[in-house]
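See below for the structure under consideration.
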Amino acid sequence: MVGTWRGPGEGHYPTIADFGYVEELIFSHVGKPFLAMNQRTRHPQSDAPMHAEVGYLRPQPSRAIELVLAQPTGVVEIHAGSVEEKSDGVIVDLRTERVEGTRTAKPITEVRRRLEVTGDLLKVDMWMAAMGEPLTHHLSAELTRN
Ligand code: HEM
């Protein structure tokens, strides 16, 4: 997963209008047993900054994995999940054990994230239970490693 990944994404949710975005997602490591994750997105036409997030993926024994993630929208996600190795990549499936917001953050009660690496292609999907809606797809992106 280590590297800089870029590509287009699409978002939707029952409470908002559909939108597109361009994502840059960087996984890096310093030799300790975690990957740093740094994501930024931009508007596909105006190039204006959109969502961003930073965190750490923490692999655990028996193909388990944890993720801690913070967002400028006041949201913090704490995930537990699994890693499935494929011949040419890996699938990381994560669900929140806790998701917390600052007092002004929008209400989010659950997040699911799926990352599938196949060679130099990374497919990202994200679902959330937010704004009173059940767990519903919010984002999908197809990124390539640069
Ligand atoms: C690629 C990353 C993301 C992009 C480009 C993105 C983009 C957007 C956009 C454009 C909106 C509509 C804003 C508006 O109409 O005012 C929105 C709403 C929202 N997003 Fe995202 N988002 C991203 C990631 C996330 C994540 C990670 C979460 C939560 C963990 C999240 C939670 C929400 C919520 C709660 C809303 C409000 C829906 C509402 O007001 O009804 N988003 N997002």
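The values are calculated or read from the model by the stated rules, or taken from the named source; none is laboratory data. Keep in mind that what you see is a predicted model, and the values were worked out from it rather than measured. Note that we place each Cβ from the backbone using ideal geometry, even for glycine, and neighbour counts take in every protein chain shown. Quick note on the areas: whole protein, heavy atoms, side chains included, nothing else; ligands and nucleic acids left out. Shrake-Rupley method; radii C 1.70, N 1.55, O 1.52, S 1.80 Å.
Would you check if there is a residue in region 56-72 being more than 20 Å from W5 (Cα to Cα) and surrounded by 14 or more Cβ atoms within 10 Å (Cβ to Cβ)? Checked region 56-72: at least one residue is more than 20 Å from W5 (Cα to Cα) and surrounded by 14 or more Cβ atoms within 10 Å (Cβ to Cβ).
In this structure, is R112 in contact with a Gly (Cβ under 8 Å, 6 or more places away or on another chain), open to solvent by 40 Å² or more (accessible area, probe 1.4 Å) and within 19 Å of E133 (Cβ to Cβ)? For R112, the condition - in contact with a Gly (Cβ under 8 Å, 6 or more places away or on another chain), open to solvent by 40 Å² or more (accessible area, probe 1.4 Å) and within 19 Å of E133 (Cβ to Cβ) - is not met. Can you find, within region 13-54, the residue that is farthest from the ligand (Cβ to nearest atom) among those that are under 20 Å from G74 (Cα atoms) and exposed (fewer than 15 other Cβ atoms within 10 Å of the Cβ)? Among them, the one singled out is N38. Which residue out of V124, V90 is within 21 Å of Y13 (Cα to Cα), of a type outside the set (F, W, Y) and open to solvent by less than 60 Å² (accessible area, probe 1.4 Å)? From the options V124, V90, the qualifying one is V124.
From I108, I91, grab the single residue that is within 14 Å of the chain's Cα centre (by Cα) and in contact (Cβ under 8 Å) with a residue 12 or more places away in the chain. Answer to the selection: I91.
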